[in-house]
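Below you'll find the structure, written out as structure tokens, and then a few comments.
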Amino acid sequence: PVARVVADVERAGTPLRVEVALRALTPRPGPSHGEAVGVEKRFKVDGLPQTASQVVGQVRAVLFSTSDVELVGGAPALRRRFLDIALCQLDRHYLRHLQRYQRVLAQRNHLLRRIAQGLARTQELAFWDEELATHRSAITSERGRFLAELQEAAWPLHTTLTGESNALDLAYAPALPAACEATTEGLAERFRLALKEALPREIEIGSTQIGPHRDDFLISLAGVNAGVYGSRGQRRTIALALRLAEVCLQTAHAGEPPLILLDDVFSELDPRRRGQVMEAISGYQQVILTTTDLGLVSPELLEQACVCRVEG
């Protein structure tokens, strides 16, 4: 293997070994340096080969990093990724729907380009449209439900971090407006109609323009769009509240806490917020944090910690 990572973990009192190995594939001609090398991932759980989807959720983790501020003001793709990673760790049904949706989307986009070239007929889209509608309904419903739970958990955490009672609102913004308010059957039917209406434009540009791959969620503070008008400090605090809320939901849904990873987040926090974050994580079973300055970590937390220093 090019690389091999093994984790020995314990879930619900049961030991578990999870292994990921990366292996270089046979080099093939490439456009830049003469050859391109692909990499194959192989997974094992307790020594038995597994697919990637079977491994997701075996070792659950929530990662805090300095780049989390982009969750609030960055591109919609970052917020979709945030939702998808959290939900895939908790719900295998969601993971299967998302994987199937992405495969169908790629097939449909390929077919749209063939139609534009005169190599296929629009009638051939019917099967893929039906598949998209089915999986899209499940994805949208689960995202909306999870986001409502996330807001309920994040609001009091945000209030604790800021010392202010400004309302923190999370609103799902699907590419098909008002879709969250419909039934599952209604969602699918609305989606089918929207695909028909968008078809001429989609053939022209060769890609599907409506669906979960275009959805977003809006973050408001006291009724004001934090992604547009929030300061960097406000965005950072909101992102911390979202991550702490994710930890709470992971613990509630799975019945045990996730592994908490903090990547140099203390350097961008003022002393009060650092103290509140350390207090929030101190009760969890396993936390791994990185810092370039141990002085940013409270003496109480250091007393409980195993400190590993990395140099060079």
Quiz item: Given the conditions (1) of a type outside the set (Val, Ile, Thr); (2) within 21 Å of the chain's Cα centre (by Cα); (3) under 30 Å from residue 11 (Cβ atoms); (4) crowded, with 22+ Cβ neighbours inside 10 Å, which single one is not true for residue 215?
Solution: (3)
Quiz item: residue 87 passes all but one of (1) surrounded by 15 or more Cβ atoms within 10 Å (Cβ to Cβ); (2) more than 21 Å from residue 149 (Cα to Cα); which number fails?
Solution: (2)
Practice problem: Using the structure shown, decide if residue 40 is modelled with pLDDT under 85 and acidic (Asp, Glu). | Solution: no
Quiz prompt | Among the candidates 158, 93, residue that is in contact (Cβ under 8 Å) with a residue 12 or more places away in the chain, part of a helix (DSSP H, G or I), loosely packed, with under 14 Cβ neighbours inside 10 Å and not small (Gly, Ala, Ser) | solution = 93
Self-check item: Pairs, first closer than 11 Å to residue 59 by Cα and assigned to a strand (DSSP E or B) in segment 1-26, second modelled with pLDDT of 95 or more and hydroxyl-bearing (Ser, Thr, Tyr), C-beta under 9 Å, six or more apart
Solution: none
Exercise. Go through segment 59-84 residue by residue and tally those that are among the acidic types (Asp, Glu) and open to solvent by 30 Å² or more (accessible area, probe 1.4 Å).
Key: 1
Quiz prompt | Test: residue in segment 244-257 that is of a type outside the set (A, V, I, L, M, F, W, C) and in contact with a Gly (Cβ under 6 Å, 6 or more places away or on another chain) | solution = no
Quiz item: Which ones in segment 205-243 are in a loop (DSSP other than H, G, I, E, B) and hydrophobic (A, V, I, L, M, F, W, C)?
Solution: 210, 222
Quiz item: Out of segment 285-312, which residues are open to solvent by 60 Å² or more (accessible area, probe 1.4 Å), of a type outside the set (S, T, N, Q) and assigned to a loop (DSSP other than H, G, I, E, B)?
Solution: 293, 306, 307, 308, 309, 310, 311, 312
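The values are calculated or read from the model by the stated rules, or taken from the named source; none is laboratory data. Everything quoted here is computed from the prediction, not taken from an experiment. Cβ sites come from the backbone with ideal geometry, for glycine too, and all protein chains shown count toward neighbours. Ligands, DNA and RNA are stripped out before the accessible areas are found, and what is left, the full protein with its side chains, is counted by its heavy atoms. Shrake-Rupley method; radii C 1.70, N 1.55, O 1.52, S 1.80 Å.
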